[in-house]
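To start, the structure itself, in structure tokens.
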Amino acid sequence: MRAAFSNPSELIRIARIAWISFSYRWIRRCTGKNTVVGEGTVVVNSANIRIGSNCLLQDRVYLRAGLDGRIEISDGAALNSFVQMYGHGGITVGKDSQVGPNSVITTTGHDYRASTLESEYAGITIGERVWIGANCTIIGGVNIGDQAVIGAGAVVTRDIPARCVAVGVPARVVRSFDEPGSADSNQ
């Protein structure tokens with residue numbers, strides 16, 4: 001805290017973040033208790049967005065639920081800077097999950113074979129205690145199981161089971177934490 005008082009610009013930044021967090025909690029009414037919302041964060045259609053308690057939304061997070069969509073972020077979740085969520089088909093982020101910087105989570109797709117390119121929406125569910133690395137893309141219709149780890153730069157196009165590591169384009173499971181010899185199996 002001493003560093004904040006020695007640098008006036010940092011003190012001003014802390015005050016701005018406090019005001020932003022206050023406005024999302026009490027004016028827009030879309031965040032829970034003790035949730036911190038960073039500078040430049042944009043929430044479009046906050047009536048369809050619910051962010052739990054003790055969450056962290058770093059600077060410049062973009063959340064858009066659409067008219068019929070929804071985004072639900074459970075308690076303790078953290079979204080790093082520049083995360084984008086397009087929840088037209090519904091996004092649920094489980095308790096204590098983390099999304100790395102510059103990741104895109106979108107429920108919107110298009111049928112490229114149709115001449116009209118109509119939008120199609122498919123929901124996304126991210127389980128509890130999931131860690132999504134930086135620069136990941138998660139496509140609609142995907143379920144990511146509890147305690148899964150998605151490696152940086154992965155493109156998730158299909159379901160990922162619980163307690164595993166998935167990497168690559170498209171993402172594929174490379175390790176399960178329930179396998180013999182894994183670090184967690186000795187407990």
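Only the coordinates and a few stated rules stand behind these numbers; no lab work does. None of the values given here were measured: they were computed from a predicted structure. Cβ: placed from backbone, ideal geometry, glycine included. Neighbour counts: every protein chain shown.
For the pair ARG29 and ASN7, the difference between a 0.36 nm per residue extended length and the Cα-Cα distance amounts to 4.7 nm. Taken as Cα centroids, the stretch 80-143 and the stretch 8-22 sit 30 Å apart, rounded to the nearest whole angstrom. Cβ crowding within 10 Å ranks HIS110, HIS88 as HIS110, HIS88, fewest other Cβ atoms first. Dipole orientation for the chain: of the candidates ILE27, VAL104, LEU79, ILE27 has the Cα lying most toward the positive pole (charges on Cβ; Lys, Arg +1; Asp, Glu -1).
Residues LEU79, LEU11, LEU63 in ascending order of nearby Cβ atoms (within 10 Å, fewest first): LEU11, LEU63, LEU79. The shape of the stretch 117-157 comes out oblate: with a ≥ b ≥ c from the C-alpha gyration tensor, a/c is at least 1.5 while a/b does not beat b/c. Largest mean-square fluctuation among VAL93, VAL149, VAL174, in a Gaussian network model of the chain whose springs join Cα atoms under 10 Å apart, belongs to VAL174.
Cβ crowding within 10 Å ranks ASP75, ASP159 as ASP159, ASP75, fewest other Cβ atoms first.
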